[in-house]
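**Q** Structure incoming, see below.
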């Protein structure tokens, strides 16, 4: 999908230092951008998912995600942090970038699984990870993700 992640959905230099601050930021932005109609319901869905097991991956990346009736359209938000974020990650390292997936409950099956698997594949690509970490250009980051997501 050529324009699934817009530059306006990429946030740079976020000051969060822990996972709760990140999830609160994501829920607020989802509501502000019209992706959600209920910030607290989205936050609760993020926290419930995180309670099932960490979404902290490897190499400084996390994929926080939620499925909720409060999500109006399947969306991706990207957050690069000003510093390290304490997150229980698979490699024990702090998080520098979160690629967040938000999906309406009714699309929780195929749409969600396709988004999650495609982002996970992107994160296995060292060149992709290096480019995202190296750039502070929201347009470039959204383009990198859009190139790898085909919904």
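**Q** Throw me the Rg/Rh for segment 55-125, computed over C-alpha atoms with Kirkwood Rh, two decimals.
**A** Ratio of gyration radius to Kirkwood radius for segment 55-125: 1.00.
**Q** Also, I was wondering about something else. For a protection proxy built on the mean count of beta-carbon atoms within 10 angstrom, sort 50-58, 62-70 highest first, please.
**A** Per-residue mean Cβ counts within 10 Å order the peptides as 62-70, 50-58.
**Q** For the chain, set up a GNM with springs between Cα atoms under 10 Å and report which of 14, 37, 125 has the largest fluctuation.
**A** For the chain, modelled as a Gaussian network with Cα springs under 10 Å, the answer is 125.
**Q** For the pair residue 6 and residue 117, how long in nm is the line joining their label points, each one 7 Å along Cα→Cβ?
**A** A separation of 2.9 nm, rounded to one decimal place.
**Q** Give me the tail of P(r) for segment 7-148 as a percent: Cα-Cα pairs with distance above 21 Å.
**A** Beyond 21 Å sits 36 percent of the P(r) for segment 7-148.
**Q** Have a look at the DSSP beta bridges in the chain and tell me what percent are antiparallel, nearest 5.
**A** Expressed as a percentage, antiparallel bridges in the chain total about 45.
**Q** Considering Cα pairs under 8 angstrom that are at least six residues apart, work out the relative contact order of segment 7-148 and quote it in whole percent.
**A** 27 percent.
**Q** So what's the back-of-envelope 222 nm ellipticity for the chain, counting only DSSP H runs of four-plus at -39500 (n - 2.57) apiece and dividing by all residues, rounded to 500?
**A** Estimated from H runs of four or more residues: -13000 deg cm²/dmol.
**Q** Also, I was wondering about something else. For segment 82-151 and segment 42-79, write down the distance between their C-alpha centroids in whole Å.
**A** Going from one Cα centre to the other spans 11 Å.
**Q** For segment 1-75, just run the numbers: alpha carbon Rg, then divide by 2.2 N^0.38 Å, N being how many residues it has.
**A** On the way: Rg = 12.3 Å, N = 75, 2.2 N^0.38 = 11.3 Å.
Dividing the Cα Rg of segment 1-75 by 2.2 N^0.38 Å gives 1.09.
**Q** Further question: For labels at residue 18 and residue 82 in the simple 7 Å Cα→Cβ model, what's the distance in nm?
**A** 1.8
**Q** Let me see the pair-distance distribution of segment 104-151: every alpha carbon pair, 10 Å bin width, integer percents in order.
**A** Taking every Cα pair in segment 104-151, the percentages come to 25, 47, 23, 5.
Values quoted throughout were computed directly from the atomic coordinates according to the rules given, and no laboratory measurement underlies them. Quick caveat, the model's predicted, so the values are computed rather than measured. Here the Cβ is made from the backbone with ideal geometry for all residues, glycine too, and neighbour counts use every protein chain on show.
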